[in-house]
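First up is the structure itself, then whatever we jot down about it.
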Amino acid sequence: MNNSVLGSRPIKEKDELENAYEKLLEVEKSKTYEQFYAFLRTTDLPYIPCLEDDVEVIYQECFKTLHRLGEASIPISVALSMHYYVLASIATYPFTKTSPQYWKREILLNKIKKERLFIANTGSVRTYDNVSGNKAIIAMKEKDNYIVYGEAPFMSLAGIADYLVFTSELSDGGKAVFFAASGNTQIEFTDTVFGDTMRGSFTKSVKFKNLRVPVSNVIKLDTHAKEQSELLIYQRSWFQALVSAPYLGAAQQVIKDVRDFGRQKIKKGKKLSESEYFLDNLGELTIKYKGAKQLCMQAGHLISKFQQGNKTLLEILFEASVLSKFFGTHHAEEIVTKARHMMGTQFLSPQTMTNKIYKEIVFGPLQPMTDIDIKAYFSQNL
């Protein structure tokens, strides 16, 4: 359980997620993605971490939402995962009630819930020494403010979000998490290299040009440990554990399409679905999907057991989240590639969901931690 003063989520209509899914399918046709985010604000879905008080339930509900929306649009779901992970990690981190961080957190969560805000975020420091990250954002204390300058290459939901959340190095040593309103002339957004493929995620690079952030919007981190603060590792664990959900949702959709293809395709007078070879391949796809999803659920379970100061448990849950990300995104990509071989040219037909997913699924393994970082981490932590 977290130690938030926020109450349990009220019971909502069971079809809230399905309504969002149907709306996303509609928006995908017109590419008017702003309309979907506007619709999403009217639901409780983006604010699950503010409304639930059980950590494992928060994880499961966030994962379920990302998974379902990922069936319709990987970019949209990935963007929402960025909002979720920083919100969930801050909402559930067990700050003591005597700490200023606790009350700053509570004020922020209540504001997000009440005003129905979106947050965009970018990682700017390493969680572990051998985990890659951008170190180009620096903040300097000046009376009751911090002056922030520097640049981060990727920020999803940029241009849509109301608040930006980022972690910065402090000029006098240490690190802190910053919350800044996005509509500020000292913040500059630039389009990234992804182009139209990830258009719905509104991913941009962000540059801070002497941005002034009040101390009330800053949570300083305890960085006595060599690996930096627990909060950063805990936050990265949430990200790793959730980011596979969009890709696995898309992979499940492709498995459904393969199954339907087998029921319709006639070869030598028989349905393809009656072929033992076809069924073996379909079974293999399903095993990969279910195996990866189980790893994600295990990672979420371990995150819910987090305790301050328990370095062994923190390392275990971090590694579980990394494994879920590695196998989740890789298995999703393998499923889609195998499905392309099974369905042939029909898989790549213009305007089909399979063709769309095929173009988007490749971004999964590229999400941090990348394969290079993951392999380096495990090679150095035997």
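So here's what we get for this one:
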read-out: Any chance T354 is among the β-branched types (V, I, T), more than 25 Å from H67 (Cβ to Cβ) and assigned to a helix (DSSP H, G or I); value: no
read-out: Every residue from the range 304-322 that is under 23 Å from Q380 (Cα atoms), open to solvent by less than 70 Å² (accessible area, probe 1.4 Å) and in a helix (DSSP H, G or I); value: L313, L314, L317, F318, E319, A320, S321, V322
read-out: Unique match (being over 22 Å from L317 (Cα atoms), modelled with pLDDT of 90 or more and not in a loop (DSSP other than H, G, I, E, B)) among L108, L24, L87, L66; value: L24
read-out: Test: residue in the range 354-365 that is over 30 Å from R263 (Cβ atoms), in contact (Cβ under 8 Å) with a residue 40 or more places away in the chain and open to solvent by 20 Å² or more (accessible area, probe 1.4 Å); value: yes
read-out: Which numbered condition D53 fails, given (1) closer than 29 Å to K356 by Cα; (2) surrounded by fewer than 21 Cβ atoms within 10 Å (Cβ to Cβ); value: (1)
read-out: Where a residue in the range 22-50 is open to solvent by less than 20 Å² (accessible area, probe 1.4 Å) and its partner, wherever it lies, is among the acidic types (D, E), with Cβ under 7 Å and at least six apart; value: T43/E16; D44/E16; L45/E16; I48/E61
read-out: Residue pairs meeting the criteria (Cβ under 8 Å; at least 6 apart or on separate chains; first in a loop (DSSP other than H, G, I, E, B), in the range 169-191; second open to solvent by 70 Å² or more (accessible area, probe 1.4 Å)); value: S171/M140; S171/K141; D172/M140; D172/K141; G174/K220; Q186/K209; Q186/N210; Q186/R212
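The values are calculated or read from the model by the stated rules, or taken from the named source; none is laboratory data. Just so it is clear, the structure is predicted and the values come from calculations on it, not from any experiment. For neighbour counting, all protein chains shown are included, and Cβ atoms are generated from backbone atoms with ideal geometry for every residue, glycine included. Keep in mind that these areas ignore ligands, DNA and RNA; they rest on the heavy atoms of the full protein, side chains included. Shrake-Rupley method; radii C 1.70, N 1.55, O 1.52, S 1.80 Å.
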